[in-house]
Amino acid sequence: MPNPAETEPPSNAPPPQDEVFVRAVDLPTLSLRQARAAVAQQLDILSPLPPAEVAAAVVLIGPTEAGLHRYAVGLAPLRLLAEAPAEGRSVTLIGRLDGEIVAFRFDRPRTGIGGAGDWIEIATIAGACLAILLAGANLRVDREIDAVQARLDATDALVQQRSHEVAQVARVAGAWRAAAATRKAGLVDCALTSLVKANAGPVRVAGLAMAGGQLTARLADPPVDPAALKALGLAPVATPAVQTSVAGAPAGAEPASAPGEAAVPLALAHDFQTSAAACR
Amino acid sequence: MPMTQRPTALRVSLAVLALAATLALGVRLGLQLGALNAANGDLADAQRNAADLQRTARQGVGPPLFEASSADAADVLGQRLQALGLAVRKTDVAAATPAGRDLVLTRFVVEGRGDPAAVDRLALWAEANARSAILEQLTANAGDDGKSDLKIELDALVRSPPFAKAPAS
């Protein structure tokens with residue numbers, strides 16, 4: 001005898017409605033498991049839809065006159081099961097066999113697509129979380145780049161400013177070194193010492209002029225030993241180096257230092273010139 | 001709508017969107033890190049360059065002869081020369097050229113009087129401070145009293161103290 005609980009819907013259930021395609025199958029077994037296995041083997045024959053798109057549920061109706069057992073086989077599209085409201089792991093659908101309402105309980109399909117869907121959901125959530133983290137890292141690195149760029153700009157400006165300073169210093173230093181190489185202040189001391197040495201005693205100097213690395217000394221009196229002066233690097237010159245002129249200096253003895261200037265005999269020369277290289 | 005009830009197409013679209021966003025952000029982060037590394041490298045180079053230039057500039061032309069503001073430099077030099085035994089009548093600054101790092105190459109024109117010994121001391125002093133001063137010109141005309149009228153042109157490196165300002169005249 002069919003189980004009334006399986007053949008009749010609950011009294012508080014919604015109005016019965018055919019949701020599944022129902023076929024009757026007579027089998028020699030009372031085992032629902034064997035019946036399900038037999039139905040699964042014959043699914044391509046029993047189902048109006050491709051077997052891959054349907055799920056089957058089996059309900060024992062009762063014995064037949066031929067000694068077999070009649071089963072109601074409910075065939076429902078997988079799409080229908082997937083869209084049915086969630087009630088745990090099974091879905092109950094209503095079918096009708098020979099006017100009788102039969103409630104079929106289908107397992108919720110856990111096909112390959114459903115499993116992949118779960119993984120897709122997990123991957124989506126993980127991807128979204130990772131994207132959020134990456135977005136935060138992007139913002140942070142953006143700020144870091146801006147800060148480094150600002151420091152780089154400031155440093156570049158500093159480098160430019162210092163480059164100008166260094167160029168200016170190099171220019172001034174070049175001129176300084178060139179001047180320092182020719183303008184030796186020690187020349188004054190050397191010349192005065194040489195005058196004293198050559199005169200073998202104190203000497204009266206009327207004037208002294210140093211410019212451009214050349215020193216010219218004007219003696220108040222003619223030197224005692226002009227040759228000694230020359231030996232010490234003090235060469236006589238005819239041209240007055242200082243503003244005052246040498247009175248009564250006759251022309252035509254020594255070559256003048258500049259054209260047109262009056263030459264002075266060596267013995268009468270009062271002006272002596274030397275340089276850092278010549279002074280000894 | 002719960003996630004489990006979303007259509008597969010929507011779920012796949014969301015997954016693809018998340019994957020694309022993740023990939024795009026990852027690629028952008030990689031590029032940003034590359035740019036950051038490059039900027040850091042450039043910054044290090046620039047800082048090294050700036051330090052080198054600073055060292056070079058600090059070497060300057062030479063050590064300063066003395067430290068004084070541009071307004072006081074002539075007075076300071078006058079005092080130095082007086083200490084050498086010269087009677088300084090007038091000290092002028094004829095020219096001033098910046099020589100880096102607060103140094104100013106200054107040309108002084110000094111008029112005064114002094115005996116030959118003072119002139120010799122002046123020459124030796126200038127020789128001793130040859131890195132800071134150059135005796136550009138010296139003219140001495142002896143007078144009857146044994147002293148000479150002097151005109152001196154001296155180039156000297158003077159350090160101006162930071163924020164030194166000339167007094168308002």
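The values are calculated or read from the model by the stated rules, or taken from the named source; none is laboratory data. Predicted model, so just to flag it, every value in this text is computed and none were measured. So basically every Cβ, Gly included, is an ideal-geometry build from the backbone, and we count neighbours across all protein chains shown.
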Failed condition for A:ARG177, given (1) at the interface with chain B (Cβ under 8 Å from one of its Cβ atoms); (2) closer than 30 Å to B:LEU157 by Cα; (3) out of contact with any helix residue (DSSP H, G or I) (no Cβ under 6 Å at 6 or more places or on another chain); (4) of a type outside the set (A, V, I, L, M, F, W, C): (1)
Residues of segment A:205-230 being within 19 Å of B:LEU122 (Cα to Cα) and in a loop (DSSP other than H, G, I, E, B), which ones? A:GLY212, A:GLY213
Determine which member of the set B:ALA126, B:ALA130, B:ALA140, B:ALA118 is in a loop (DSSP other than H, G, I, E, B), without any contact (Cβ under 8 Å) to a residue 60 or more places away in the chain and within 14 Å of another protein chain (Cβ to nearest Cβ). B:ALA130
Of the residues in segment B:17-69, those that are farther than 30 Å from B:ARG131 by Cα and of a type outside the set (Gly, Ala, Ser) number 18
In segment B:147-169, what residues are modelled with pLDDT of 80 or more and outside any strand (DSSP E or B)? B:LYS147, B:SER160
Across segment B:46-85, which residue is nearest to the other protein chains (Cβ to nearest Cβ) among those that are of a type outside the set (Gly, Ala, Ser) and part of a loop (DSSP other than H, G, I, E, B)? B:VAL61
In segment B:148-159, residue farthest from the other protein chains (Cβ to nearest Cβ) [restricted to those that are touching a residue at least 40 places away in the same chain (Cβ under 8 Å) and either in contact with a Gly (Cβ under 6 Å, 6 or more places away or on another chain) or surrounded by fewer than 22 Cβ atoms within 10 Å (Cβ to Cβ) (or both)]: B:ARG159
